[in-house]
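The values are calculated or read from the model by the stated rules, or taken from the named source; none is laboratory data. Nothing here was measured: the structure is a model prediction, and the numbers come from that model. We place every Cβ from the backbone using ideal geometry, glycine too, and count neighbours over all the protein chains shown.
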Amino acid sequence: MQPLSLSRSLSLQMLIMATSSIPREETDRPIISSSSVDDDQSISKSFLHRIPAFTSNHQRRRRVASDNPLRPARRTSFSRDVGHAAAETFLLTRLSFKLLRYLGVGYRWITKFLALGCYALLLMPGFLQVAYFYYFSTQVRRSVVYGEQPRNRLDLYLPLNISEPKPVVAFVTGGAWIIGYKAWGALLSQRLAERGIIVACIDYRNFPQGTISDMINDASQGISFICSSIIEYGGDPNRIYLIGQSAGAHIASCALLNQAIKESGEAESATWSVSQLKAYVGISGGYNMLNLVDHFHGHGLYRSIFLSIMEGEQSLEKFSPEVMLQDPSVRCAVSLLSHIILLHGTADYSIPSNASKTFADVLQRVGARVKLILYEGKTHTDLFLQDPLRGDTDELLRDILAVIHAGDIVTLAKDEVAPSSRRLVPELMLKMARKISPF
């Protein structure tokens, strides 16, 4: 998602998720220090016993649907959809205010929250259309189970025509490591599915339910599921691309590097291989946590919370791919890495574009294949929200398609003449939203 500003992430959560189905994994504990994070596991387990029977029945229906993945899923009744959406809206509103209470609701947060409310209202026409597609389209298979941990689910976006194996994107969404969710990728996934690409949006445990290690493990397990099972959904296992956005770009890059290190050391058995990925695309990501702690603190992701997510200050290097790559002991893993493409807007101050620049420099210095693309004047949300909602000039979509269709002259030619995506929000409202945006 998603931008790293917590206040912005809260706004998107309330908007998109109001009409979508999510696992109910609220925790009543406040945000805590790293020394007490482990206690959340017991809380999560006890909470699972309180989940109503509807959840297990819902999951069983998803499993049955997966047995015949190419057949359109049957729509549930409208009254059940409305009732479920209302329940989720109430839950998410309560979670939002609870998180704001943890962060401290002072003058600064009140003004940001008001600005976000206005920003959300201006973009509401687009958000509602994306939410309708996510919840009602038969092209979307929500909450396919890929593991046994809470939130080990992924959403599949399928093209209308799957007469032949299609390229696949494994997408890890953002959300400041706290409120990430698989539905955040609905807009980009819809656009890619329209171009004949299967997208799997991977959900993962967020803090405080899990720390960064859990998030990376979940993402890795999701990638493993996609590599081994996507052929059942019409995907081509030889054309899988890993994409991460914002915090999801950090998580995905950590999963990729960890896997390369495992394979280079031959110390552990692996359920997937780096060689199964054609490329990694990082969108507006941060890759050196040591350099970003103070920056995040100044933008609302407070130092104490961030260090708890990262399992303490002593672990920042371990979860910084840019730092890890400079360690001589892991240099042997560099040759195994996929082609890496880093995309970033120069006006992004949620995560400065310098984060991608320095990571690209390090990758190039150690001999990895890397390409850096900077978008002049683009903010954190321009690339992922405003431009796609505009529909006409979506540079991010263009560059992602160029990566996926590289070497396919016929398909690249079709991309050039393909009609632009439909506009979802009037231009005046987009311009106003950009001006009032607090991030």
Query raised in the report: If you scan the range 145-178, which residues turn out to be crowded, with 24+ Cβ neighbours inside 10 Å, among the aliphatic types (A, V, I, L, M) and modelled with pLDDT under 95?
Result: ALA176
Query - Matching entry among LEU401, LEU428 (being loosely packed, with under 13 Cβ neighbours inside 10 Å, modelled with pLDDT of 90 or more, not in a loop (DSSP other than H, G, I, E, B) and not acidic (Asp, Glu)) - result: LEU428
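Could you say which residue among GLY210, GLY175 is part of a loop (DSSP other than H, G, I, E, B) and under 14 Å from the mean Cα position of the chain (by Cα)?
GLY175
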Query - Some residue of the range 183-193 being outside any helix (DSSP H, G or I), touching a helix residue (DSSP H, G or I) at 6+ places or on another chain (Cβ under 7 Å), in contact (Cβ under 8 Å) with a residue 12 or more places away in the chain and among the aromatic types (Phe, Trp, Tyr) - result: no
**Report entry** Qualifying residue in the range 415-423 (condition: of a type in the set (Val, Ile, Thr), at pLDDT 90 or above and either crowded, with 18+ Cβ neighbours inside 10 Å or out of contact with any Gly (no Cβ under 9 Å at 6 or more places or on another chain) (or both))
**Finding:** no
Query - Residue match in the range 180-199 (condition: of a type in the set (S, T, N, Q), within 28 Å of ARG434 (Cβ to Cβ) and surrounded by fewer than 18 Cβ atoms within 10 Å (Cβ to Cβ)) - result: no
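So, PRO388, is that one over 30 Å from GLY126 (Cβ atoms) and either of a type in the set (S, T, N, Q) or touching a Leu at 6+ places or on another chain (Cβ under 7 Å) (or both) or not?
no
Restricting attention to the range 325-363, which residues are over 19 Å from the mean Cα position of the chain (by Cα) and assigned to a loop (DSSP other than H, G, I, E, B)? Walk me through how you get there before you give the answer.
Applying the first criterion (over 19 Å from the mean Cα position of the chain (by Cα)) to the range 325-363 yields 325-339, 346-347, 354, 357-363.
Listed by number, the residues that qualify are LEU325, GLN326, ASP327, LEU337, SER338, THR346, ALA347.
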